[in-house]
1. Per the 1.4 Å probe, what fraction of the accessible area of the stretch 210-309, in percent, lies on carbon and sulfur atoms?
2. Taking K279 as the anchor, which lysines have their alpha carbon closer than 22 Å to its alpha carbon, excluding any fewer than eight residues away along the same chain?
3. Per DSSP helix of 4 or more residues, -39500 (n - 2.57); summed, then divided by the residues of the chain. What does that give at 222 nm, rounded to the nearest 500?
4. Pop out the carbon and sulfur fraction of the accessible area of the stretch 315-430 as a percent, whole number, probe 1.4 Å.
5. What does the extension gain come out to for R63 and S129, with contour length at 0.36 nm per residue minus their alpha carbon separation?
6. Using the heavy atoms of the protein chains and a 1.4 angstrom probe, tell me the accessible area per residue for the chain in square angstrom.
7. Report, to two decimal places, the Cα Rg of the stretch 44-115 normalised by 2.2 N^0.38 Å (N = number of residues).
8. Pulled fully out, how much extra length does the chain show between N356 and D237, if you take 0.36 nm times their separation in residues and subtract their Cα-Cα distance?
Amino acid sequence: MPSKILLVGGGGREDAIARRIVESGSQLFSALKNRNPSIISLSTDTLITDELDHSAILEFALRKGVDLAFIGPDPVLDTPLADMLISRGVRVASPTRLAARIETSKAYMRELLSRYEIPGSIEYHEAKSVQDLQKMILDSTADYAVKPTGLTGGKGVKVMGIHLETRQDAFQYAKEVLERDGIVLLEEKISGEEFSQMVFTDGTHIMPMPLAQDFKRAYEGDLGPNTGGMGSITDSDHLLPFIDSGTRERALQIISSVINAMRSEGNEFRGIMYGQFMKTPQGPRVIEINARFADPEGINVLSISSGNFTEMLYSIADGNLRKSIDFKKSATVLKYVVPVGYGTIPRPGRLEIDGNFENENLKIYYAAVSGTRENVVMSSSRALAVVGIADRIWDASDIVENGLKKIHGEYYVRHDIGTRDMIQKKISQS
Ligand code: AMP
Ligand code: GLY
């Protein structure tokens, strides 16, 4: 009897996960808010629901008799769904709500790093009054990243000198967050190349995935507002051309230390941990720790994975991590097709796609869309993730560009991601 796996979420990341689950011989049951044509066609049964409606999803999971559940999106990790499933005897390969606090509360994450003296920490202040903001922003010369402490979908962080031009702008934005949340984080502003390191973990052991880099800014040349991510790259040696293996080792040490610290305080983390780091002359610094696959970076690594993904999920949930999947030694480039105006005022339309043009080196994943595979209805969010696979990053980028010729309609895409120009510039600056 094949395993029955519940997957929650209807984005590009979940389409990639869904394919690996089905390829490993399991039956897929999906719960998502949009009628994602790819996930629906892979599923034995689908529940279209508000993804935060944990009672409806629990009821669906029990009625279908699923054996194991996996949660894609971060807002769902901040509901009691994982805990409820576990208490009803369903295996879960995602963290409990308490363990997900490593992502859902930046204050918890920063305090954990300090308490356990884990390297990679940066200076931060939890501002709780307008007087704090006055003192730290207006009466000071320090530059900060201004962050809400909770989830923001990648869009709530604003950095002085980048998104906030003047001290007054920074003060106003921090005050807005403070008035809404009662607290705002002011983090020391740092600079350097960013990289994403994801690992599978059973709460004790880790299995690293290839390093990736995400492009968060809306426009080419890394300009414009932060978004959920416009695209991402990985390299064939599973490092990045501008990140050395020593830096990666230190990042993995930081992730292991976080996992050990959480276990030692009775808050064991099972699932995927995703560290977002910045490379500095003093070593990697932690920007965020997340409790799930990155979107888009998770799609890059899943596109070059082979082996039994379901077995990996079981080993995470059961606390006996086994290496049941591998990653091909190829570079990948992903570019997200988004509605025009994404990041500011999106104008979603429709996309026509020429037949099924996927092959071994070119994949297309369906994100926050509905409609059919050939006639896609966009929402205000990301629509299609086009992934190229090749020996070199820029060749993978060319494969994506060829793939884009098969997609028709009004859309925006960052063509600069993964080009030879971009990569060489990064190498020369690192
Ligand atoms: P986050 O949502 O925390 O991942 O932040 C979004 C983006 O803001 C990051 O990818 C960085 O480019 C930038 N950022 C966040 N924190 C800092 C920081 N402390 N210093 C400089 N840039 C930052
Ligand atoms: N790659 C950005 C995120 O998943 O949060």
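The values are calculated or read from the model by the stated rules, or taken from the named source; none is laboratory data. The model shown is predicted, which means the values in this text are computed figures rather than measured ones. Positions of Cβ are backbone-derived with ideal geometry, glycine not excepted, and every protein chain shown enters the neighbour counts. With ligands, DNA and RNA removed, areas are computed over all heavy atoms of the protein, side chains included. Shrake-Rupley method; radii C 1.70, N 1.55, O 1.52, S 1.80 Å.
1. 45 percent
2. K106, K147, K155, K158, K189, K216, K425, K426
3. That calculation yields -9000 deg cm²/dmol at 222 nm.
4. 47 percent
5. 18.9 nm
6. 39 Å²
7. 1.22
8. Full extension from N356 to D237 adds 39.9 nm.
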